[in-house]
Structures are given as structure tokens and as C-alpha cells.
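I'd like to ask some things about the structure below.
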Amino acid sequence: MDNSADFDNRWSERQDIHLRATLLDHDQEILQANSKNTSIGGIFIGPVPQGLDIGQKLQIAFSLHSATSVQRHRLPARVVRNHDNGAALAFSDYDFNALNTLRILPYDDLAR
């Protein structure tokens, strides 16, 4: 099933980066899933047992680990597509630190 909200105009390249992510709706955990790919603009997660509502606004939380610290991030996101037992979410309104982390993530060994 492919339900989309006209979001094929990606402004950043998707990377094969795997993160353990938690989806929250109004600060309530609704799902834990793994990312299939990640970019500065969004994330594709799965498996998602049931499709999420297109346009639904959520928060996605994940942690990045280095040798000396753990960085926790929580980013606002919007569901843009359901496909192949997964869901694509577009990030929105994130701060400079989160943007910088997403920018360097493909080149760093933080994701675990």
C-alpha cells in the first residue's frame, strides 16, 4: 500500500542509517521501530504494524552514542507516506544541534 502526500521532492539524500526510534503522540509513546533510512529532511521507519495517518503530527525520539556521551533527540515530524509495512516521516521545526547531528550522521559512528 502506498499512501503519500506529494513528498517526493526530497531536499537531502537518504542514507542507509539505522536508528532505534520511538514515535510519540502528545508525549505518549505509540511505537518503537527501526529506521530503514534517514536524511536531514526525514526518516523511514518500520515495521509499522498499522499504517499511520497521512499528515499526522508526531515526535520522533532517538539516541546517538559516542565513546563519551549519549545525545538524545526529539524532533517534530509529520507522516507523509505509508509503504511496505513502514512509514515515511518528514522532520519539521528542529533546532540547530539536531540539524547538525543529522547532517554529520552519515559520516560518524554515532548510530547504534
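The values are calculated or read from the model by the stated rules, or taken from the named source; none is laboratory data. The structure presented is a predicted model; accordingly, all values stated were derived computationally and were not measured. Glycine also receives a Cβ, built like all others from the backbone with ideal geometry; neighbour counts cover every protein chain displayed.
Looking at the stretch 93-112 only, could you name the residues that are part of a helix (DSSP H, G or I), at pLDDT below 70 and not hydrophobic (A, V, I, L, M, F, W, C)?
Pro106, Tyr107
Here is a yes/no grid of residues against (1) among the small types (Gly, Ala, Ser); (2) under 21 Å from Asp16 (Cα atoms):
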{"site": "Gln28", "(1), (2)": "no, no"}
{"site": "His83", "(1), (2)": "no, yes"}
{"site": "Ala87", "(1), (2)": "yes, yes"}
{"site": "Asn100", "(1), (2)": "no, yes"}
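Let me ask something else. Could you check, for the stretch 75-88, whether at least one of its residues is loosely packed, with under 15 Cβ neighbours inside 10 Å, among the basic types (Lys, Arg) and modelled with pLDDT of 90 or more?
Within the stretch 75-88 (the criterion being loosely packed, with under 15 Cβ neighbours inside 10 Å, among the basic types (Lys, Arg) and modelled with pLDDT of 90 or more), the answer is no, since none of the residues qualifies.
From (1) exposed (fewer than 12 other Cβ atoms within 10 Å of the Cβ); (2) touching a strand residue (DSSP E or B) at 6+ places or on another chain (Cβ under 7 Å); (3) among the hydrophobic types (A, V, I, L, M, F, W, C), pick out the condition that doesn't hold for Ala67.
(2)
With the condition being without any contact (Cβ under 8 Å) to a residue 40 or more places away in the chain and more than 18 Å from Ile104 (Cβ to Cβ), I'd like the strands (runs of 3 or more DSSP E) fully within the stretch 20-92 carrying at least 1 qualifying residues.
Those strands (runs of 3 or more DSSP E) span 20-25, 28-38, 57-65, 70-83.
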